[in-house]
Amino acid sequence: MQKKLRKYLYTAIILMMLASLGIGTVYASNDTLPGDLLYPVKVNFVEEVQGAMKMSDETKAEWAIERINRRLEEIETLSSMLEGIDPKVINLVEKNIQKNNEKLVTTFQTIKEDYNEEKMTIIMNEMKKVNESISKITDSISNEIITNIQETNDELINTSFTMTVTDQLG
């Protein structure tokens, strides 16, 4: 009887240690920057789980914008800390920005199909802010990435604006 109890006690202790290690890793990853050891945990696990918990298209779009802004802030932080940023780190951040912009575009298309003018206006304004933020850090990100994201966002904004104006006039 005592052996079974001890076995369960050891199992419980091991499970608590593993849970603590996991929670500690997630918490420690919050303030990481591209190139840090725990940065992939932050970007590929923590933020993905947070994104999966977003239910409405509007909150999904807002989360994608938030993630893009976080990546832009990380580049600004790295730029101010270092004389030059490792090209591998810039490539990693560019990929994350592109991935989140693709999610934003997909979500925006869904909102456009549902034709929710209020949501479209909010997201369009946020997309404009993203484009402005990207313009401010052109030295750090490759011009091809910047142009691609800005053109995609501008195209969505313009087609949505045209659609809204046409509906109001018609």
Original post:
Does segment 73-85 contain any residue that is at pLDDT below 75, out of contact with any strand residue (DSSP E or B) (no Cβ under 6 Å at 6 or more places or on another chain) and within 18 Å of V43 (Cβ to Cβ)?
Top reply: yes
Original post:
Regarding E132, is this residue part of a helix (DSSP H, G or I), at pLDDT 75 or above and either among the charged types (D, E, K, R) or under 12 Å from I68 (Cα atoms) (or both)?
Top reply: no
Original post:
Restricted to segment 23-33, and to residues that are assigned to a helix (DSSP H, G or I) and of a type outside the set (A, V, I, L, M, F, W, C), which residue is farthest from I68 (Cα to Cα)?
Top reply: G24
Original post:
Here are some conditions: (1) loosely packed, with under 12 Cβ neighbours inside 10 Å; (2) within 30 Å of E126 (Cα to Cα); (3) at pLDDT 80 or above. Y27 meets all but one. Which one does it not meet?
Top reply: (3)
**OP:** Look through L5, L9 and report the one residue that is loosely packed, with under 10 Cβ neighbours inside 10 Å, modelled with pLDDT of 80 or more and part of a helix (DSSP H, G or I).
**Re:** L5
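Under 23 Å from K95 (Cα atoms) and over 15 Å from the mean Cα position of the chain (by Cα): which single residue out of A28, A19 fits that description?
Among A28, A19, only A28 is under 23 Å from K95 (Cα atoms) and over 15 Å from the mean Cα position of the chain (by Cα).
The values are calculated or read from the model by the stated rules, or taken from the named source; none is laboratory data. What you are looking at is a predicted structure, and each value in this text was computed from that prediction instead of being measured. Cβ: placed from backbone, ideal geometry, glycine included. Neighbour counts: every protein chain shown.
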